Each structure stands twice: as C-alpha cells, then as structure tokens.
Amino acid sequence: MNFYRKFTEQDLIESYKNQIDYQGKVAPELLDEISSRGSLKDFQAKIDNQKNILAERNRIIREIHQHYLNKSSKEECFSSLHSEIISKKEIKYLIYIKYEQIHLNSENLRIDLNIIIKSLAGIFIASSISTVTIGLLLYIMNFLIVFHVFLLVPAYIINYLIIKTFTNKTRENLAVFIATFLATLINFIYVIIFIIT
C-alpha cells in the first residue's frame, strides 16, 4: 500500500520539495505516486510555476513596501505595478493588505508623550497588581516560595498584559517593552523584600 495515495497534489508537492531539500533524493514510493497521477516532468513544471508565482508575489510586496515608504497612495502604487504572472485583482488585494499591515506596524512602533505617560502609569499599576497576585500565591501556597524567582515569568506576563491594555500597543513598541521590564524589576525588588522580611 502506498503511503502517498491519500495525499492531495499540494501535499505531494510539499513532500517532494522537503525530501529534495533535506534528503537530497525522493523516496521511490513518492515517485511512484507522482507517476501514477501524471508525468514527473509535468509535476516538476507545477513546482517551478509555484516558485515563480511566489517570487513574483515577493517582488510585488517589496515594491508595495517601497511605495508605502515613499508615501504613495494605494492608487499610485496600483497604477505603477505590473505583472505577467499575477492578476490585477490579486495585486490590488496585496496592496490593500500590505498597506494595512505596514500602517498598523508603524502605528504600533510610534512613541509619543501619551504612550510614555500611559506606560509610566502602567508600570505602577501593573507592578502593584502582579505583586499582590504573586504575593497571594506565595502566601496561599507556601511550597511556591522555593520558586520565588521563577514567579517573575507570570509577573512579566501580567505586567505586559496590563501595560498593553493601557497603551493599546504590543511589546514591539519600545516604551511598552521598557515599561514591562521596569514593572517586572519592581516585582523582583518586592519579592526580595518579601523574602528578607
């Protein structure tokens, strides 16, 4: 019984590419299944076609990114992009998706006074909430005191989630990352004080 019989054509392509990449040769069972569905030459042509489409998409995405950096409108970008392989509809879709992704990413990375203030407020509120939470865990479950330093990981997560809620930015934003780190550092100081006393 051939293992590859129930594979879809895309599964066969992925298996073929993986075996070439990692083993340097293709298993005879896979070659038999490919041959039973058509010629090996047609199969390799499909793989080459997929590679060409992927390369063309990547080229278009790089150009879209460049247009965004040059502050071109979506319409200007669309009118300047041409492809022999990809349809106009798909190009328009890629422009829409990539412009949105780049815009959201750049907005997330933007730091202004409002973000700094919210991050500072988040430091104190997040460190207080996470310290109380971790302190309650240590008080209720005394056996956790052995792992007091490791409890900084959940404290970091709690701090990050609270600061993220305050700022509406992810940890890729430098202000959020630093605020989360400082809040966790404050937790560490509180834990050390708790253990010493």
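Just so you know, all these numbers are worked out from the coordinates, no wet-lab data involved. All of these numbers come straight from a predicted model, not from anything done at the bench. Positions of Cβ are generated from backbone atoms using ideal geometry, with glycine treated the same way; all protein chains shown enter the neighbour counts.
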Evaluated at q = 0.12, 0.16, 0.18 Å⁻¹: base-10 log I(q)/I(0), Debye formula over Cα of the stretch 21-115: -0.60, -0.77, -0.85
Quote the charge dipole size of the stretch 1-43 about the Cα centre in Debye, to the nearest 20; the model charges only the Cβ of Lys and Arg (+1) and of Asp and Glu (-1). 60
Using only helices, what value at 222 nm comes out for the chain when you add -39,500 (n - 2.57) per DSSP H run of length 4 or more and divide by the total residues, to the nearest 500 deg cm²/dmol? -26000 deg cm²/dmol
Choice from F181, F150, F124 with maximal GNM fluctuation in the chain (Cα, 10 Å cutoff): F150
Let's test this: bin the Cα-Cα distances of the stretch 113-196 at 10 Å from zero up to the farthest pair and state each bin's percent. 21, 49, 22, 7, 0
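By average Cβ neighbour count within 10 Å, what is the ranking of 74-80, 93-99 from highest down?
Working: 74-80: 14.0, 93-99: 16.6.
Descending packing order for the listed peptides: 93-99, 74-80.
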Within a Cβ distance under 9 Å of F78, other residues only, what is the Lys/Arg minus Asp/Glu net charge? +1
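Quick one: net charge of Y93's neighbours, Cβ under 13 Å, K/R +1, D/E -1?
+4
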Please compute the net charge surrounding N173, taking Lys and Arg as +1 and Asp and Glu as -1 over other residues with Cβ under 14 Å from its Cβ. +2
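Which whole DSSP H helices in the chain pass both tests: a Cα extent of 18 Å or more along the axis and a mean Kyte-Doolittle value no lower than -1.0?
Helices meeting the criterion: 40-69, 88-109, 113-140, 152-167, 174-196.
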So the pair-distance distribution of the chain, from every Cα-Cα distance in 10 Å bins, comes to percents of 8, 21, 14, 16, 19, 17, 5, 0
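For Cα pairs less than 8 Å apart in space and 6+ apart in sequence, what is the mean separation divided by the residue count of the stretch 1-115, i.e. the relative contact order in percent?
That works out to 19 percent.
Once you keep just the Cα pairs under 8 angstrom separated by 6 or more residues, what percentage relative contact order results for the chain?
On the way: 147 pairs, mean separation 33.1, N = 197.
The value is 17 percent.
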Among 171-180, 43-52, the order from most to least packed when residues are scored by Cβ within 10 Å on average: 171-180, 43-52
